[in-house]
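K.L.:
Quick one: the structure is below, and I'll ask about it shortly.
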Amino acid sequence: MSAPDPIALLAADRAAARDQQDGWAAVCALGTVNSEGDAEQRTLVLRDTHERLSLFFSATSPKWQELQSRPSANLLIYLPSTQVQYRLRVLWERIDDSVVRNSWQLRPDMPKKLDWFYQSHAQSTVVSRDHLEASLAESEPTPDTAPDTAIGVYLNPIRIERLELSSGVHQRDRFEWIGAEWHHTTLVP
């Protein structure tokens, strides 16, 4: 008997959460390790690009350096409306720049302006709030092309754990990509 497709389960769970206007259906927490060996987490928009999970961000961000130091990363997706949690171990793969440039066009104006602001002030560096707001206000009109530092990565899951909290005894399943197929085991919750 073949294992259920955990990618399809995740897509269905995210769709059910979106139907309930669950704001968490669009995001994930990305876990990496910094240069000091400490765990880092941040919330990012989780996208579906060409039917693959993906993340887009600035190459000036520390997360890019952290990702480049290892072939894998961890994601946490929690959908409070459906009481389902996913923990994913993923191998990442850089998205072609032409896809990034096309996807960048779909961003709201302020994130586009921020992407260009990162050219002079790397993401996560110190800045005064007044300077940030003044710089963004002066950057009219919104740029129509992505900066070279706009990048994206596809997320290729190799392990997925799904925890359903809504039942009396929680359901916890692990899916591992072995060979060319998913293998399923049930875990003690």
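FYI, it's all coordinate maths here, none of it is from the lab. Note that the coordinates shown come from a computational prediction; the quantities given were computed from them, not determined experimentally. For neighbour counting, all protein chains shown are included, and Cβ atoms are generated from backbone atoms with ideal geometry for every residue, glycine included.
K.L.:
Under a Cβ-only charge scheme (Lys and Arg +1, Asp and Glu -1), can you give me the dipole magnitude of the chain about the Cα centre, in debye to the nearest 20? Could the numbers behind the result be given before it?
P.N.:
Working: 19 positive and 26 negative charges, 79 e Å.
Using Cβ point charges on Lys, Arg, Asp and Glu, the chain gives about 380 debye.
K.L.:
What angle, in degrees between 0 and 90 and rounded to the nearest 10, separates the Cα long axis of helix 129-138 from the longest principal axis of the Cα atoms of the chain?
P.N.:
Around 70 degrees separate the two axes.
K.L.:
Stick to Cα atoms and the Kirkwood definition of Rh, then tell me Rg/Rh for the chain.
P.N.:
Values: Rg = 18.4 Å, Rh = 18.2 Å.
Reported Rg/Rh, Kirkwood definition of Rh: 1.01.
K.L.:
Further question: Going by a ≥ b ≥ c, the root eigenvalues of the Cα gyration tensor, does segment 49-123 fall in the rounded group (a/c under 1.5), the prolate group (a/b larger than b/c) or the oblate group? Show your work: numbers first, answer last.
P.N.:
Numbers: a/c = 1.68, a/b = 1.42, b/c = 1.18.
Prolate shape, in that a/c is at least 1.5 and a/b is the bigger ratio.
K.L.:
Indicate the gyration tensor shape class of segment 88-189 (rounded, prolate or oblate), computed on the Cα atoms with a ≥ b ≥ c the square roots of the eigenvalues: a/c under 1.5 is rounded; otherwise a/b larger than b/c is prolate and the rest oblate.
P.N.:
Details: a/c = 3.43, a/b = 2.15, b/c = 1.60.
Since a/c reaches 1.5 and a/b is larger than b/c, the shape of segment 88-189 is classed as prolate.
K.L.:
List the residues, sorted by chain then number, that are 5 or more residues from T60 or on another chain and whose placed amide H is less than 5 Å from its amide H.
P.N.:
Those qualifying (amide H under 5 Å, at least 5 residues apart or on another chain) are Q123.
K.L.:
Then there is this: Fully extended, how many nm does the chain gain between D148 and S81 (0.36 nm per residue separation, minus their Cα-Cα distance)?
P.N.:
Working: separation 67, 0.36 × 67 = 24.12 nm, distance 3.76 nm.
In short, 20.4 nm is gained.
K.L.:
Taking Cα atoms, how many degrees apart are the long axis of helix 6-19 and the longest axis of the chain, rounded to 10 and kept between 0 and 90?
P.N.:
60
K.L.:
Give me the net charge for the shell around N74: Cβ to Cβ below 13 angstrom, other residues only, Lys and Arg +1, Asp and Glu -1.
P.N.:
Working: positive: R42, K63, R70, R87, R89, R159; negative: E40, E66, E161.
It works out to a net charge of +3.
K.L.:
Using the Cα gyration tensor of segment 29-88, with a ≥ b ≥ c the square roots of its eigenvalues, what is the shape: rounded (a/c below 1.5), prolate (a/b larger than b/c) or oblate (neither)? Can you show the working numbers first?
P.N.:
Values: a/c = 2.22, a/b = 1.45, b/c = 1.54.
Cα axes put segment 29-88 in the oblate bin.
K.L.:
Moving on. Hey, fewest Cβ within 10 Å first, where do E138, E133 land in order? Let's see the in-between values first.
P.N.:
On the way: E138 8, E133 11.
Result, fewest neighbours first: E138, E133.
K.L.:
Report, in whole Å, the centroid distance computed from the Cα atoms of segment 77-101 and segment 9-61.
P.N.:
After rounding, the separation between the Cα centres reads 4 Å.
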